[in-house]
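Read the structure below first, then the notes.
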Amino acid sequence: MDLAKLRAQLVEHEALRLRAYDDKTGKELRPGMKLEGNLTIGVGHNLNARGISDDVSALILEEDIIIAKAGLDGAFPWWSSMSEVRQRVLLEMCFAMGITRLSKFKNTLAAMVAGRYDDAARGMLASLWAREQAPKRARRLAKMMREDREVPQSEV
């Protein structure tokens with residue numbers, strides 16, 4: 001069988017959709033929308049029925065890390081001069097909230113630039129992100145920022 005022809009035919013019939021959509025309505029899903037059919041992405045890939053494989057998940061994660069790193073490189077060129085542990089903290093924050101939201105941590109970022117890591121950690125913990133959205137993660141990352149060392153989940 002000619003798989004290239006099959007792929008082209010499937011794309012023609014199913015369409016290539018790079019955002020999740022409802023296969024019953026064809027509408028791209030937005031927060032708060034009610035799903036009527038199946039959660040679908042790509043070329044008719046039914047996420048409800050099959051999810052994704054470990055390999056696909058690893059590819060998506062790798063791409064998301066590259067995007068977060070590029071955002072940091074563009075917005076905060078100084079970030080790569082921090083220690084590896086602190087770089088990972090900033091990269092994880094960017095991964096979780098995106099460069100636009102991370103950029104709003106002005107005092108925290110300024111403290112990082114100045115090497116005032118206790119102040120940076122306090123700023124991280126004073127945020128809405130730490131109070132309401134990801135408190136345990138924020139406590140762990142703040143401790144890593146402050147102490148410049150790996151912090152196991154059990155210490156948080």
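Computed from the coordinates by the stated procedures, all read-outs in this text should not be read as laboratory data. As the structure is a prediction and not an experimental result, all values here were calculated from the model.
Rg over Rh for the range 61-148 works out to 0.92, using Cα positions for both radii and the Kirkwood form for Rh. Seen from a random direction on average, the alpha-carbon convex hull of the chain projects onto 12.4 square nanometres. Using the alpha-carbon atoms, what tilt in degrees (0 to 90, nearest 10) does helix 84-102 show relative to the longest principal axis of the chain? Once rounded, one gets 60 degrees.
Against the chain, whose longest principal axis comes from its Cα atoms, helix 135-147 is set at around 50 degrees.
How would the range 3-50 be classified by its alpha-carbon gyration tensor: rounded, prolate or oblate, with rounded meaning a/c under 1.5 and the a/b versus b/c comparison settling the rest? Judged from the Cα gyration tensor, the range 3-50 comes out prolate (a/c at least 1.5, a/b above b/c). Between 0 and 90 degrees, the angle of helix 3-14 with respect to the longest Cα principal axis of the chain falls at about 90 degrees.
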